[in-house]
1. Return the Rg/Rh value of the chain, two decimal places, where both radii are evaluated on C-alpha atoms and Rh is the Kirkwood radius.
2. For a Förster distance of 45 Å, can you work out the FRET efficiency between the beta-carbons of A499 and A387, rounded to the nearest 0.05?
3. Along the Cα→Cβ direction, 7 angstrom out, place labels at R262 and R26. What is the inter-label distance in nm?
4. Taking the alpha-carbon centroid of each part, what is the distance from region 889-967 to region 292-339 in angstrom?
5. Could you tell me whether region 849-917 comes out rounded, prolate or oblate from its Cα gyration tensor? Rule is a ≥ b ≥ c as square roots of the eigenvalues, rounded for a/c under 1.5, then prolate if a/b exceeds b/c, otherwise oblate.
6. Nearest 20 debye, what's the magnitude of the dipole of the chain about its Cα centre given +1 on Lys and Arg Cβ and -1 on Asp and Glu Cβ?
7. Carbon and sulfur together cover what percent of the accessible area of region 665-850 at a 1.4 Å probe radius?
8. In whole angstrom, note down how far apart the Cα centers of region 47-126 and region 502-571 are.
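The values are calculated or read from the model by the stated rules, or taken from the named source; none is laboratory data. The structure presented is a predicted model; accordingly, all values stated were derived computationally and were not measured. With ideal geometry, Cβ positions are generated from the backbone for all residues, glycine too; neighbour counts draw on all protein chains shown. Areas reflect the complete protein model, heavy atoms only, side chains present, ligands, DNA and RNA absent. Shrake-Rupley method; radii C 1.70, N 1.55, O 1.52, S 1.80 Å.
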Amino acid sequence: MPEAPPPGQPPRIETFQSRSQPRGARWDLQPLWSWPQAEGGQGQALADPWGALHRPDWHSRGLLIWPRGGQWRRLRLELACPDPWRQLQVPAQVAQARLVLRWWADKAELRVDGQVVHGGDLFDTACRWVLPQRWWQGEALLIELRLRSPLHDDGALIESRLELEPLDPADPAGLLAETKAELAQLRAGQPLRGGFHLLGHAHLDLAWLWPVADTWQAAERTFSAALDLIERFGELHFAHSTPALYAWLEQYRPELFTRLRRAVAAGRFEPINGPWVESDCVLISSASLLRQFQLGQHYSTTTFAELEHALAWLPDSFGFAAGLPAVARSTGVRWFCTHKLFWNATNPFPHRLFRWRSRCGAELLALMTAPIGTDGDPLAMERYRLAWQAATGVDGTLWLPGVGDHGGGPTAEMLEQLRLWQQQDEAAPQRHGSLRAYLAELEPLARRLPVWRDELYLELHRGCATSRPDQKRHNRTLERLLREADLAQALAGSGPSVAWETLLFQQFHDILPGTSIPEVFDQAEPQWRAARRRACFLRDRALQAWLGPCRGWWVAQLQPLAARARTLRLPAGRWSHTGLELPAQAARGGGQWLQLPALAGVDALELELDLELERRAGSPAGVAAPVWVEGWRCGNGLVSFELGPQGLEQLWDGTGQPQLGAPLAWRRYADRGEFWDAWDIAADYREQPLEWAWQGEPTWLECGPLCTSFLWRGCCGASRLRLEGRLLANTPWLELVLSVDWRQRHELLRLEVPLAQPADRWAADTSGGVLERPAQPVTARERARWEVAAISWIASVAADGGLAVLLDGPQGVSASPSQLGVSLLRAPTWPDPGADNGRQRLRLALMPCRLGWGRAGVPQQAVAFREPLWLRPAAVQARPAPRPSLPCLGEGLLLLGCRPSGATGTVVLTVQNCSPCRRRLKLGPNWQLLQRLDGLERPLPLDQLPGGDPCLLLPWSIGFWRFSVFP
């Protein structure tokens, strides 16, 4: 998107006459282009009225503009060398001329006398082509520029000019005088202080407006070109991120990887990695975020062992969860680098160099980097340098020349321009070097840097938590299966390693958020399915080995949760445990509901199924917290609700305290007009409500002591909806399942929960921790956070308790003193024209929290809501043998991972404290503590143990241990 002029720089509005003649060493070509006119023939492109009518802001800056939608424009001009310039070359040649172009188009092709001399696209958006010698000798050149507008935005030729450069850096003809004067004007008389630290860079999205297959080709081209330039330009240093790319090169392009390794050893090519990919950092679970850093750091330290790997390079992810410092720091990261917060649409981020501290006290040094995708323009560099120095007081300024987004990196044209200005006294000095060297110079400043104690919220792209819910569903399912496979193998004592790489790759920041072209998601489908099958196979085989033989079926709980009799649906028949028949209720549609004996921690029950015996008639005995129905009211002693003409009209906790201030509200809004369609929810969506029609009143589907459910049908425009509510025995939440055949475009579907008790604060889980905020925003920055991402729950905090919404997320959520909101579906059309459309199943639950979300165990209940029990027939029918189990972790603690570690019977356990209190890990006599570890499974020094206690977990922190496990 063409950027506006920098602050203080007025739009360039000049007469055609003044701009059509050379001025000094520059010649503005914008008025000289012609293109086909609507009435036929060629006409002056700048005089075309379309741009002034539809994009007056761009037109005022002198851009040549045409409509979006992949429309081509063919611009032409005949270019002859002006006489004053030809005289410069007499008696000796002192200059060369460059055709400088910058465009906003998804395809660009420059032809000179019919020959293609340059190409570009939305990412490679500029050129500095050297005019041939024959032009200086009087031969006119026919210049033709073919540009195709983006599908999502109007096209533009942003600038076009001829620019003279001296052949001798001493510039005897004074060709650089005008630019030097502008540099002096920017400094406004201030002495020249400091300079640039230059590092070539090529940001490469693993997928976006191209499929992943193109990315491998782009990576090969980018790395090859960078290595060639390193050989040609002795000063160049180049850096690139993403261990997944290096691993691909190592496997499939070994010769190129060998060249790269030599350049790394020579200090000219720098891996700047951190996580496995430049992942999304607000939509993935804490376990996934941790695995991103663990696998990325393990690959980097193993493959590039000569370097220290203490930085995380995430320039383009759409915001960063408050728990990221704790996760990254546990894996040896000290520096965090991004540029994305410069994109804030409302409040500029206040710091460029700061300390970022998580709630547990873990801290990273954080750098807001220079823009990615820049070149060697001396004026742009100077503006950035002055802004950096004013904001930080630091003399040295990092600059990252190189084409980005689709790879590319620095070009010879950029490096030649940098070389030229490196030799001019009026320009700031330049020094090429590594990112590690630059950060080392900043590290002594750490103690005087400001501290940021919150998430790094991007005030833009708020729709990413809602777009493409199928990708979120794939992600959460595979996260669970991989964690369960790791746990099963740890308990079984052996098994092949569980590969997380497919999941981590699909968590890239333009795949998981749903902001890529449809081909990306089409090609991801078989990857998701294959990874799920593999994880299921490894999990099931390891669980059968752990559980061993029994005389029937195994049902296992694979999370260390507190004991509770669970109700679930099983095949029809007489089910029993240790000879005692289980309470059962026939299920609508087949099978039956059963209530199991309480399971505590990670453990299993042996069940027996007799298909030949009929179940005895009558109500089952011994049901814990059975469901009752009285008219339109229903409850189970833990939660109750009432239906009416307006749907779910009230919800009560176990003491009868009402939770809803009004009937549950399902809302539909228009959601259009944002430039970044799939990324952004329209800020004014609440001002554009649309009709939502329910058909009659809700009806009961089934009524019984184990399960009672209701059904309500409706429609939104052309989309039919089916809402099913379900209350199970001994379950503290009311489950809601919305099934939609979604056919809308540019609409937003939301659930809004009116609160009976006004909220003082609200909380939600996020990557790496828990987010808490005031319900009534006070500052401009709080008001800008009107939609955030939550992984599995959001809860209000009021004087007399609160209400939680459990999510099968991640989802976009919002909160105010009077309501909680959940964004369910969107319907953007760019870059995926059919995003979100089709059959969708959205699942959530309402849970009263009389003692607050922490005391009510909302994080643990969200796990129980999202993660089903495991049920399979035993592989061998015999008497069960003793086996190890993982006990309940206790209040406030969540299991992030349990994996085998080397010797049989040894495991690494990762636990998160989701509470503001200190907690001790107590696992009982069958779990022998061997070592407290860091996130890379290295022994933690004694002086780093919290309070000197290896079992102590500080508030909001993550801990790692190595245990021996005994049956």
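1. With Rg and the Kirkwood Rh in hand, the quotient comes to 1.02.
2. The value I calculate is 0.50.
3. Between R262 and R26, the label points sit 4.3 nm apart.
4. Between the Cα centre of region 889-967 and that of region 292-339, the gap is 22 Å.
5. Numbers: a/c = 2.88, a/b = 1.59, b/c = 1.82.
Since a/c reaches 1.5 but b/c is at least a/b, the shape of region 849-917 is classed as oblate.
6. On the way: 102 positive and 103 negative charges, 497 e Å.
My answer is approximately 2380 debye.
7. Details: 2810 of 6040 Å².
The nonpolar share, carbon plus sulfur, comes to 47 percent.
8. Here the two parts' Cα centres lie 53 Å apart.
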